[in-house]
There are 2 protein chains.
Amino acid sequence: MARSANQVLALTLRKLARSENSDGIRRIILKSHPADLAHVMRSLTATQQVRVFREIRPLKKAAEVLMEMEPALSERIIEKINDDLLAMLIVQMAPEEVASVLRTIDAPRRELLLSDLSFEEASEAEALAVYDPKSAGGLMSPNYFVVDAKTTASEAIQKLHRNDYDIIFYLYVINDHGHLVGVVSLRDLVRSPANTEVKEIMYDEVVRVDVSADREDVASLVARYNLLALPVTEGGNQLIGVVTVDDIIDVIRLEATEDIMHAAGAGVEASPNESFLTSIRSRTPWIAPTFFAGLAGMALLSYYQKQLVEVVPLLVLIPMIMGIARHVGAQSSTIVTRWLATGRLEFATIRRVVLREIFIGAIIGFVFGTVITLLITLFFQELVFENSMLVFAIGVGLSSIASTSLAAALGAAAPPIFERSGIDPAIAAGPLVTTTIDVLALWVYLLCASLFL
Amino acid sequence: MARSANQVLALTLRKLARSENSDGIRRIILKSHPADLAHVMRSLTATQQVRVFREIRPLKKAAEVLMEMEPALSERIIEKINDDLLAMLIVQMAPEEVASVLRTIDAPRRELLLSDLSFEEASEAEALAVYDPKSAGGLMSPNYFVVDAKTTASEAIQKLHRNDYDIIFYLYVINDHGHLVGVVSLRDLVRSPANTEVKEIMYDEVVRVDVSADREDVASLVARYNLLALPVTEGGNQLIGVVTVDDIIDVIRLEATEDIMHAAGAGVEASPNESFLTSIRSRTPWIAPTFFAGLAGMALLSYYQKQLVEVVPLLVLIPMIMGIARHVGAQSSTIVTRWLATGRLEFATIRRVVLREIFIGAIIGFVFGTVITLLITLFFQELVFENSMLVFAIGVGLSSIASTSLAAALGAAAPPIFERSGIDPAIAAGPLVTTTIDVLALWVYLLCASLFL
């Protein structure tokens, strides 16, 4: 339903933008949700995007659309619109949103823009812009609701009436040093008698996250404890910001996309509307591991060519043995990577998991090795020189077991090793490891074969 | 930080469970968050899990732990504990939680359990249990907060004080027929003058979802519109439930895991603690496409063996050509699948996207085809019969372009075709398509090669 409605919206906007019908564009904008506008922007050409964006009124709505767009698109719009419009837009934004704009523009333009904000707002946004956008600091809002432990429920509610923040889920209780000592849910507050002090209804074991924490860990905490907001601290308990659940949803989707793209060796960013050149430039380097694995494969096959040419079934089995080993390795690396990403695997148990995967790989290799051996016995009887038939069949079966066990071991061990070295383990589920497995499987196969012949 | 704290918790619980120290277990349970208990349960043996679970008090906490555990684990616990305990637990649960328990047990046990609930509670839970757990109906809570359009802000707040629901984000406004006509945020309600009627502060274009909608579409709506809760309707506007953001976070993580597992051809469910037999049984069938592709590869190589044996460089290039084509195909299928899953691709533009991918595939094929041709010219000079060197090099280059274009076309076209046929397109990013690409790439390569020789 939402999809087809958006298709109509996209078609209409495209038509109106082509005929430069500003009145029509404005009428459509007025009726549309900012999230939908941000969404359909993607089906417009670059020129149309800027033309439509310039018509969005009120400016509050334009700022919302800008923040809802995918980063590549909003950066392009920010680049294309003039300083005056951008300055009017950032006045409408929350400090963390201003910070995200500041991260994408150069120093001279920054200064120009910030001059339109109050000194306080400008320095708040600049301070936030320093944090890595992939950390808790890069996600947090500096606007949160604090009270001290002796505030009563009715005082807190009155203070709540006066405040101007977008979404409030919890009241954070701080002491005289600004240290986080408790949290009260809005629900408990509203239901308590008017003169209850917040310290009576607060939880004092507050789940919190350090400002430098990776956004993936922030997401894990929010998901595990079913939180609506997570306080961000510096030095353990100095409250400096809050990350809310709506941002976490975006993080979880972005991280999942990143993991999936890594696993296919397809780079990180991709948009259906990026130019051919961008697509080709960003995808080609990811194929490099496959290319070098191919080179190594060429070298191996050249080295063993004599055996291959003499015993044709050896040659004919190559795609089968490599394919199954690669698949078993991909299973292990993908499963272990996902367990790490979702916190289902502790470092303490990794050795056990790797051994477990080797065993599983060996069993799967045994199953398929047996089937392959039977197939050879059935179909290639005449091709194999009668005498060493049995030896050859056993050799193929063993090489299948060896290559799949090796593949499983490498697949299972790579993600934790990557994580420990500070590299995203999702890359381990990708071509870097799969192609290494390819080459090793080929090598083990050829080695086993040459030993048995 | 959270990780290492959980490791200590897991170690302590393991030790206490081994020594059957019930007092110790109960002390640890008292101090631990239900989400952490659910988490560390995974590092215990099956017997320890049940032993620790039985000690959890109050029963409200035990019910929470049960609901926070991963489905495979909670099902096992439900199976192992006796009817009395389970009956006491479901009394503590929300109706949608009871429904999720009912889905996992057989009819006689159901009846026994439901007899402990009031008639109303039992029939509510039974009605919910009917919905597919992967649909909006399977996620929704039947407890939501409704008012009519003429209720004043102060009346609504009073009603709020008396209600007993877990989390309330919005007030839904319904008319006399139970039709959803508006929504008011808790924030707007609290800030409005006491005698404001809700119809003055309500939004009347309420984003809603049909009860039969797939949970992935529910998640997309919540993510796009930054919602905290999404009303579920039947027949367009009859309000029957609400899905909240905390459940959506779990859905997004589960769906991402499912997509990633599909892409590696590793099945859907996997847990670091499942038995070897379970792992092997669930993973082996997923390797079937790779096996059959291997068979097809064997057939192709047997058919072309004469050419291969005569011109060894042909043979030696096989892993390279197949590897690059497979990788390009995997890039296309993964990218298109993810665009579909995150709603970045409309069906109307699919033809353009497929053509785009073919073009990108051809260019990448051309880049690597050129490199490969140069490599052959450098390293295999003596091996190729001098005269047809040029023809052979061109043949390899062309076959590289042909196989990567074909791979990209198949990779890009498969996900939308799967989606239209009602199959999860994530499967298209998996081995079914990659192995088809493998075989086709090999065939195109051998065909091109035999044409040029």
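The table below gives the values:
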{"item": "Flag if residue A:265 is closer than 30 Å to residue B:307 by Cβ, within 7 Å of another protein chain (Cβ to nearest Cβ) and in contact (Cβ under 8 Å) with a residue 60 or more places away in the chain", "result": "no"}
{"item": "Residue within the range B:283-296 that is closer than 20 Å to residue A:291 by Cα and basic (Lys, Arg) present", "result": "no"}
{"item": "Where a residue in the range A:195-210 is on the phi < 0 side of the Ramachandran plot and its partner, wherever it lies, is assigned to a strand (DSSP E or B) and surrounded by fewer than 16 Cβ atoms within 10 Å (Cβ to Cβ), with Cβ under 9 Å and at least six apart", "result": "A:210/A:234"}
{"item": "The range B:4-37, subset touching a residue at least 24 places away in the same chain (Cβ under 8 Å) and not aliphatic (A, V, I, L, M), residue nearest to residue B:62 (Cα to Cα)", "result": "B:34"}
{"item": "Some residue of the range A:15-38 being of a type in the set (Asp, Glu), within 14 Å of chain B (Cβ to nearest Cβ) and surrounded by 17 or more Cβ atoms within 10 Å (Cβ to Cβ)", "result": "yes"}
{"item": "Selection count, the range A:41-58, where residues are surrounded by 16 or more Cβ atoms within 10 Å (Cβ to Cβ) and more than 9 Å from every other protein chain (Cβ to nearest Cβ)", "result": "11"}
{"item": "Options B:198, B:209, B:173; residue that is of a type in the set (A, V, I, L, M), closer than 21 Å to residue B:249 by Cβ and crowded, with 19+ Cβ neighbours inside 10 Å", "result": "B:209"}
{"item": "Complete set of residues in the range A:127-165 that are of a type in the set (Asp, Glu) and within 26 Å of the chain's Cα centre (by Cα)", "result": "A:132"}
{"item": "Number of the condition not met by residue A:423 [criteria: (1) modelled with pLDDT of 80 or more; (2) under 21 Å from residue B:257 (Cα atoms); (3) buried (at least 20 other Cβ atoms within 10 Å of the Cβ)]", "result": "(3)"}
{"item": "So residue B:403, is it within 27 Å of residue B:294 (Cβ to Cβ) and at pLDDT below 85", "result": "no"}
{"item": "Residue satisfying condition, being in contact (Cβ under 8 Å) with a residue 24 or more places away in the chain, at the interface with another protein chain (Cβ under 9 Å from one of its Cβ atoms), surrounded by fewer than 24 Cβ atoms within 10 Å (Cβ to Cβ) and polar (S, T, N, Q), within set B:334, B:342", "result": "B:342"}
{"item": "Sole exception among (1) in contact (Cβ under 8 Å) with a residue 12 or more places away in the chain; (2) surrounded by 24 or more Cβ atoms within 10 Å (Cβ to Cβ) for residue A:319, by number", "result": "(1)"}
{"item": "Top-ranked residue of the range A:53-77 - restricted to ones that are over 27 Å from residue A:144 (Cβ atoms) and not in a loop (DSSP other than H, G, I, E, B), ranked as modelled with the lowest pLDDT", "result": "A:72"}
{"item": "Extreme residue, nearest to residue A:128 (Cα to Cα), among residues of the range A:214-248 that are in a loop (DSSP other than H, G, I, E, B) and within 11 Å of chain B (Cβ to nearest Cβ)", "result": "A:236"}
{"item": "Odd one out for residue A:273 among (1) at pLDDT 80 or above; (2) more than 8 Å from chain B (Cβ to nearest Cβ)", "result": "(1)"}
{"item": "Qualifying residue in the range A:196-213 (condition: over 24 Å from residue A:341 (Cα atoms), in contact with a His (Cβ under 7 Å, 6 or more places away or on another chain) and not hydroxyl-bearing (Ser, Thr, Tyr))", "result": "no"}
{"item": "Conditions (1) within 14 Å of chain A (Cβ to nearest Cβ); (2) under 29 Å from residue B:11 (Cβ atoms); (3) crowded, with 18+ Cβ neighbours inside 10 Å; (4) not β-branched (Val, Ile, Thr): number failed by residue B:72", "result": "(3)"}
{"item": "The range A:296-305, residues that are at the interface with chain B (Cβ under 7 Å from one of its Cβ atoms) and surrounded by fewer than 21 Cβ atoms within 10 Å (Cβ to Cβ)", "result": "A:302, A:305"}
{"item": "Any chance residue B:256 is surrounded by 22 or more Cβ atoms within 10 Å (Cβ to Cβ), assigned to a helix (DSSP H, G or I) and small (Gly, Ala, Ser)", "result": "yes"}
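Condition check ((1) more than 11 Å from chain B (Cβ to nearest Cβ); (2) of a type outside the set (Asp, Glu)) across all residues:
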residue	(1), (2)
A:144	yes, yes
A:177	yes, yes
A:183	yes, yes
A:186	no, yes
A:190	no, yes
A:197	yes, no
A:207	no, yes
A:212	yes, yes
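One line per residue, one yes/no per condition, for (1) farther than 17 Å from residue B:325 by Cβ; (2) part of a helix (DSSP H, G or I); (3) of a type outside the set (Ser, Thr, Tyr):
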position: B:337; (1), (2), (3): yes, yes, no
position: B:340; (1), (2), (3): yes, yes, yes
position: B:344; (1), (2), (3): yes, no, yes
position: B:353; (1), (2), (3): yes, yes, yes
position: B:358; (1), (2), (3): no, yes, yes
position: B:363; (1), (2), (3): no, yes, yes
position: B:368; (1), (2), (3): no, yes, yes
position: B:371; (1), (2), (3): no, yes, yes
position: B:374; (1), (2), (3): yes, yes, yes
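Residue-wise test of (1) outside any helix (DSSP H, G or I); (2) in contact with a Gly (Cβ under 8 Å, 6 or more places away or on another chain); (3) not aromatic (Phe, Trp, Tyr).
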{"residue": "A:417", "(1), (2), (3)": "no, no, yes"}
{"residue": "A:422", "(1), (2), (3)": "yes, no, yes"}
{"residue": "A:426", "(1), (2), (3)": "no, no, yes"}
{"residue": "A:434", "(1), (2), (3)": "no, yes, yes"}
{"residue": "A:437", "(1), (2), (3)": "no, yes, yes"}
{"residue": "A:440", "(1), (2), (3)": "no, no, yes"}
{"residue": "A:446", "(1), (2), (3)": "no, no, yes"}
{"residue": "A:451", "(1), (2), (3)": "no, yes, yes"}
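For (1) without any contact (Cβ under 8 Å) to a residue 12 or more places away in the chain; (2) of a type in the set (Phe, Trp, Tyr); (3) under 29 Å from residue B:307 (Cα atoms), each residue gets a yes or a no:
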site: B:407; (1), (2), (3): no, no, yes
site: B:416; (1), (2), (3): no, no, no
site: B:422; (1), (2), (3): yes, no, no
site: B:427; (1), (2), (3): no, no, no
site: B:430; (1), (2), (3): no, no, no
site: B:439; (1), (2), (3): no, no, yes
site: B:444; (1), (2), (3): no, no, yes
site: B:452; (1), (2), (3): no, yes, yes
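The values are calculated or read from the model by the stated rules, or taken from the named source; none is laboratory data. Keep in mind that what you see is a predicted model, and the values were worked out from it rather than measured. Positions of Cβ are generated from backbone atoms using ideal geometry, with glycine treated the same way; all protein chains shown enter the neighbour counts.
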